[in-house]
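Read the structure below first, then the notes.
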Amino acid sequence: MSRILITSALPYINGIKHLGNLVGSQLPSDVYARYCRARGHEVMFICATDEHGTPAELAAAKTNRDVAEFCADMWQVQKDIADGFRLSFDHFGRSSSARNRDLTQHFAGKLAENGLVEEVVEKQVYSNVDGRYLPDRYIEGTCPNCGDENARGDQCENCTKQLNPTDLINPRSAISGSTDLETRETKHLYLKQSSMRDALDTWIDSQKGWPILTTSIAKKWLHDGDGLRDRGITRDLDWGVPVQFDGAPWSGMEGKVFYVWFDAPIEYIGATAEWADANGLDDSAWQRWWRTDKGADDVRYVQFMGKDNVPFHTLSFPATLMGSEEPWKLVDFIKSYNWLTYEGGKFSTSQGRGIFMNQALDLFPSDYWRWWLLSNAPESSDSDFTWESFQGGVNKDLADVLGNFVSRVTKFCRSKFGEVVPAGGAYGAAEAAVTAEIGKRLTAYQDHMEAVQLRKAAADLRAIWVAGNEYLQAAAPWSVYKSDPDAAAAIVRFALNLIRLYGVLSTPFIPDAGQRILATMHAEDATWPTDMQGALATLTPGHVFEVPEVLFAKIEDDTRAALTIKFAGAG
Ligand SMILES: [Zn+2]
């Protein structure tokens with residue numbers, strides 16, 4: 001048994017996420033966590049909302065709400081959706097928690113003590129009417145390149161030219177529309193990442209088996225151009241962790257907060273502390289996951305994220321932890337994902353294109369989405385969601401292969417022997433062959449899970465279901481029964497044991513169906529199989545079960561056609 005710490009990248013608080021976000025971190029991390037628990041490991045699985053920064057402030061302002069209230073409401077919305085997808089976090093925290101505030105201030109203080117924080121004077125646009133500094137993207141004006149009147153201070157969306165706020169003609173505040181803007185000098189703290197370049201480079205080189213996607217992105221940021229750059233860790237905002245040193249004033253930094261990129265990853269630790277608090281445990285309970293001097297030296301730490309988050313997790317967050325010169329647990333394996341596209345294009349929130357997590361749950365059971373997304377996860381390249389592919393995955397894999405097997409076996413047994421595992425006959429060569437075949441497939445499934453190659457593991461699981469179907473088709477108990485009821489009884493007994501096994505092996509991917517299978521089989525033993533022969537003899541003659549209701553309803557063609565139109569978006 002090992003101890004495994006698993007974190008999913010934190011969803012930003014502002015708005016409901018689409019399916020691409022789900023498959024990029026939360027969903028694969030959940031399958032991995034469920035698998036690790038099933039194998040008997042001690043797991044700590046953490047996620048949280050990332051709540052600070054300007055987008056949250058502005059979204060709250062749009063609905064005339066206090067930003068703290070807005071975040072509390074949106075946290076609940078995201079928590080309910082996560083529950084709907086059966087994401088089995090040990091704790092779903094909030095980066096605005098007191099725990100994260102204290103930890104963020106602590107890390108900043110340590111980094112400053114160790115000479116890794118520098119004060120830099122910057123020029124920034126201040127809006128007199130709004131009474132605040134404006135980040136680049138909240139300044140709008142006319143593009144000097146194409147004349148579009150709604151160019152942003154960071155980029156013109158019309159001609160895609162990268163801009164500085166000072167490039168804009170007739171700049172105005174995106175919040176109030178005011179043109180009463182001025183440039184002011186303001187002081188900020190920078191994390192001297194550049195001075196940690198060699199240490200980070202050495203650390204990354206010492207990691208074994210990281211996905212190429214992860215290391216190639218990290219190396220690019222380390223070495224391209226001038227190499228890893230120092231990065232501002234503070235902002236002139238109200239909403240965030242106040243810039244203080246262990247709770248005491250930080251001279252010259254009054255009224256400023258830490259930049260959201262700095263405090264968000266620290267919330268992995270913060271949320272684990274929140275978990276301890278929520279369970280009435282003391283600090284040692286979370287520290288044994290995070291402090292190598294307090295038990296975390298035997299923890300394996302695995303992170304999940306979309307590829308856009310890789311630089312923060314391979315460089316900035318490790319720089320924070322290493323730079324503290326305290327014994328914090330560093331990540332052991334970073335799993336990063338490519339993009340999920342929607343019908344050949346991008347998901348678009350503004351154009352209503354693609355499927356959002358709440359809409360998905362209103363349409364179909366979470367298992368349908370989990371199965372399609374995981375068996376098509378964008379692991380080695382981008383993946384494209386199409387309704388046709390989704391319909392095919394649900395109808396063929398879930399309904400025709402797994403669902404049909406469960407239905408045929410249990411209904412045939414009921415009609416000939418009753419809802420009870422039949423006695424008579426004995427397993428023979430056919431059963432031995434499929435036992436060996438499934439044993440081989442299970443080894444591949446486990447190896448792919450250990451390597452966090454979930455798409456391949458899904459294919460192995462599907463092959464395990466297929467092996468049972470092929471066995472049943474060849475053994476044909478409905479024909480055998482006429483001449484040899486005892487031989488038919490042995491086939492059915494074996495097939496009922498396969499169903500129980502499928503319940504166990506399928507639960508990490510499709511937890512609701514897996515649990516329903518185990519419940520209707522009245523399976524008390526749901527432990528992961530280590531001996532395949534023993535696993536397929538668990539349900540013995542006389543064991544009572546129930547025939548389950550339809551496990552997976554097929555998606556009809558006209559439903560698919562209607563959904564294709566509904567989610568095509570306005571663009
Ligand atoms: Zn332009």
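The values are calculated or read from the model by the stated rules, or taken from the named source; none is laboratory data. The structure displayed is predicted, hence computed values, not measured ones. Using ideal geometry, Cβ is built from the backbone for each residue, glycine included, and neighbour counts are taken over all protein chains shown. With ligands, DNA and RNA removed, areas are computed over all heavy atoms of the protein, side chains included. Shrake-Rupley method; radii C 1.70, N 1.55, O 1.52, S 1.80 Å.
Quick notes
- For beta carbons closer than 6 Å, sequence separation of 6+ or different chains, a first residue in segment 160-171 that is within 16 Å of residue 184 (Cα to Cα) and part of a strand (DSSP E or B) and a second that is open to solvent by 50 Å² or more (accessible area, probe 1.4 Å) and within 10 Å of the ligand (Cβ to nearest atom), there are no qualifying pairs.
- Residue in segment 430-454 that is nearest to the chain's Cα centre (by Cα), counting only those that are of a type in the set (D, E, K, R) and surrounded by 17 or more Cβ atoms within 10 Å (Cβ to Cβ): 441
- Among the residues making up segment 118-141, those that are within 35 Å of the chain's Cα centre (by Cα), away from the ligand (no atom under 16 Å from the Cβ) and either free of Cβ contacts under 8 Å to residues at least 40 places away in the same chain or open to solvent by less than 30 Å² (accessible area, probe 1.4 Å) (or both) are 134, 135.
- Taking first residues from segment 1-24 that are at positive phi and partners that are of a type in the set (Val, Ile, Thr), the Cβ contacts under 9 Å between residues at least 6 apart in sequence or on separate chains come to 15/349.
- Close pairs from segment 329-344: first in a strand (DSSP E or B), partner of a type in the set (Asp, Glu), Cβ under 8 Å, at least 6 apart: 337/379; 340/382; 340/384; 341/382; 341/384; 342/384
- Restricting segment 369-392 to residues that are free of Cβ contacts under 8 Å to residues at least 24 places away in the same chain and touching a helix residue (DSSP H, G or I) at 6+ places or on another chain (Cβ under 8 Å) leaves a set whose member that is most open to solvent (accessible area, probe 1.4 Å) is 389.
- Residue satisfying all of: in segment 142-154; more than 6 Å from the ligand (Cβ to nearest atom) and open to solvent by 50 Å² or more (accessible area, probe 1.4 Å); farthest from the chain's Cα centre (by Cα) among these: 144
- Within segment 521-571, the only residue that satisfies the criterion of being surrounded by 14 or more Cβ atoms within 10 Å (Cβ to Cβ), among the charged types (D, E, K, R) and either out of contact with any helix residue (DSSP H, G or I) (no Cβ under 6 Å at 6 or more places or on another chain) or part of a loop (DSSP other than H, G, I, E, B) (or both) is 554.
- Taking segment 90-126 as the range and being touching a Pro at 6+ places or on another chain (Cβ under 9 Å) and modelled with pLDDT under 95 as the test, the residues that pass are 124, 125.
- Checking segment 360-370 against the condition returns no match, with no residue being assigned to a strand (DSSP E or B) and under 18 Å from the mean Cα position of the chain (by Cα).
- If the condition is being among the hydroxyl-bearing types (Ser, Thr, Tyr), assigned to a helix (DSSP H, G or I) and exposed (fewer than 15 other Cβ atoms within 10 Å of the Cβ), then segment 241-291 contributes only 284.
- Any hit, segment 473-488, residues being open to solvent by 10 Å² or more (accessible area, probe 1.4 Å), closer than 26 Å to residue 375 by Cα and modelled with pLDDT of 95 or more: yes
- On the stretch given as segment 155-178, residues that are closer than 20 Å to residue 54 by Cβ, away from the ligand (no atom under 12 Å from the Cβ) and not small (Gly, Ala, Ser) total 6.
- Members of segment 307-352 that are farther than 15 Å from residue 261 by Cβ and within 15 Å of the chain's Cα centre (by Cα): 307, 333, 334, 335, 336, 337, 338, 339, 340
- Taking segment 43-96 as the range and being more than 14 Å from the chain's Cα centre (by Cα), in contact (Cβ under 8 Å) with a residue 24 or more places away in the chain and assigned to a loop (DSSP other than H, G, I, E, B) as the test, the residues that pass are 51, 52, 53, 95, 96.
- Which numbered condition residue 198 fails, given (1) part of a strand (DSSP E or B); (2) more than 22 Å from residue 261 (Cβ to Cβ): (1)
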